[in-house]
Amino acid sequence: MALAHFELRDFERVAHLWYDDGNVILVARGRGFRVHRGVLMQRSPGFRGLFLPLSSNYCSAGACPILRLPKDPLHLELVLSALYDRFFFGDLDVYHEIPEVASGIISLAHKYDFRILHDEAIHRLSEAGHIRHCSKDNPS
């Protein structure tokens, strides 16, 4: 992640993930998400490391720091949607949407250590029959 100068007009706001009371803006390839630093820190050791201490990864838009992430904005949107909406996975079409959505979530959840989201995505893939879990008793 690199320090960059951003103005609020330099990116498109993602409306359903733009919270007026959010205290950090994540920007991925021109798409902005205003979310809550505490929520990210609580759920992700990876983000906790980015936020503590407030470092040169940040620049500011008024009182709200901006963090530029070199990630796919769709993957970031999926992770944030799943993080903020407990019923996110339940609203998906199991056979058509789960594989694409889960792979996007797994990619970013692994990078930033969102363990709960990673495990939920794996569970949903398995539940839909897209993968099988192996165990000591049944390695196939």
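The numbers here are math on the coordinates, done by the rules we state, and not lab data. Fair warning: this is a prediction, and the values are worked out from it, not measured in the lab. Positions of Cβ are generated from backbone atoms using ideal geometry, with glycine treated the same way; all protein chains shown enter the neighbour counts.
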Spin-label pair LEU52/LYS111, simplified geometry with 7 Å Cα→Cβ offset, distance in nm: 2.3
Residues whose placed amide H lies under 5 Å from that of LEU67, excluding near-sequence neighbours: ILE25, LEU26, VAL27
